[in-house]
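S.K.: Pasting in a structure now, in structure tokens, and then I'll have a few things to ask.
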Amino acid sequence: MSTIVAPSLLAANFLHLKRDIEMLNRSEADWIHLDIMDGLFVPNISFGFPVINQLKAITPKKLDAHLMIVSPEKFTHEIAAAGATYMNVHYEACPHLHRVVQEIRSCGMKPAVTLNPHTPVALLEEILPELEMVLLMSVNPGFGGQQFIESTVRKVAKLREMIEKRNLPTLIQVDGGVNLETGRRLVDAGANVLVAGSFVFSSDDPEETIRQLKAL
């Protein structure tokens, strides 16, 4: 399977959002990654449903909703109604994680769980068979353009070992500081999905950059 590329809409130009979405539609990007922030769980605020609800009408790409918010379970039905394929919640934000995962699946979406850089993958041992995907943050969540945390490569390899030991189809996604060099090492360690924001949208040729990421 070729690498799945999910450009992060957070890095798009919101004065020309339709133009950037049309670029993604033309590109080889597989998904569009939606970083939803509340200023509480992470120290930043991004976009909400007035933006998200418009996307399914203008793109055929799968929407990957990453909720960096407290109590993400409050918005499960709204995320499903917006057309998201994946709903990604933080392990650190969900004291009743299994219940949230069940709710996501009951709404017709694929459940995914995100780990902050300091959170060990071993904590997913019991919930892993219930997940379609695990997102490993390779920067501290909340802002784009941060430096890649090197220990993420070992973390990906450890999670890949856990998945293969149980013969699970769970995808590994990585978000933060992804470029061609870090992306290559992440894919070699076992990552399936690369989220890239500023690396894509700030490049001279975003479509070519996406093509190169997919070829990793």
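S.K.: Normalised by the number of residues in the chain, what is the relative contact order in percent for Cα pairs under 8 Å and 6+ residues apart?
M.R.: 23 percent
S.K.: State, to one decimal in nm, how far the label point of residue 161 lies from the label point of residue 185, with both points 7 Å from Cα in the Cβ direction.
M.R.: Here the answer is 1.8 nm between the modelled labels.
S.K.: Could you tell me the relative contact order of the stretch 34-108? Use alpha-carbon pairs under 8 Å, at least six residues apart, and round to a whole percent. Please list the in-between numbers first.
M.R.: Details: 97 pairs, mean separation 23.0, N = 75.
So the answer I get is 31 percent.
S.K.: Between residue 57 and residue 215, what is the FRET efficiency for a Förster distance of 25 Å, r being their Cβ-Cβ separation, to the nearest 0.05? Please report the intermediate quantities before stating the final value.
M.R.: Details: r = 30 Å, r/R0 = 1.22.
So, using R0 = 25 Å, E works out to roughly 0.25.
S.K.: Per DSSP H run of at least 4 residues, take -39500 (n - 2.57); add these up for the chain, divide by its residues and hand me the 222 nm value, nearest 500 deg cm²/dmol. Don't skip to the end; give the middle numbers.
M.R.: On the way: 8 runs with 70 residues, N = 216.
Taken over the chain, the calculation gives -9000 deg cm²/dmol.
S.K.: A further question follows. Here are some pairs, 158/214; 74/165; 18/158; 18/155; 56/158; which of them have Cα atoms lying more than 32 Å apart in this structure?
M.R.: Over 32 Å apart, Cα to Cα: 74/165; 18/158; 18/155; 56/158.
S.K.: Could you state, as a whole-number percent, how many of the C-alpha pairs of the stretch 4-214 are farther apart than 29 Å? Please report the intermediate quantities before stating the final value.
M.R.: Working: 3808 of 22155 pairs.
Taking all Cα-Cα pairs of the stretch 4-214, the fraction more than 29 Å apart is 17 percent.
Any read-out appearing in this document is the output of simple, stated calculations on the displayed coordinates, not a laboratory observation. Every value quoted in this text rests on a predicted model; they were computed, and no experiment measured them. All Cβ positions, even for glycine, are placed from backbone atoms using ideal geometry, and neighbour counts span all protein chains on display.
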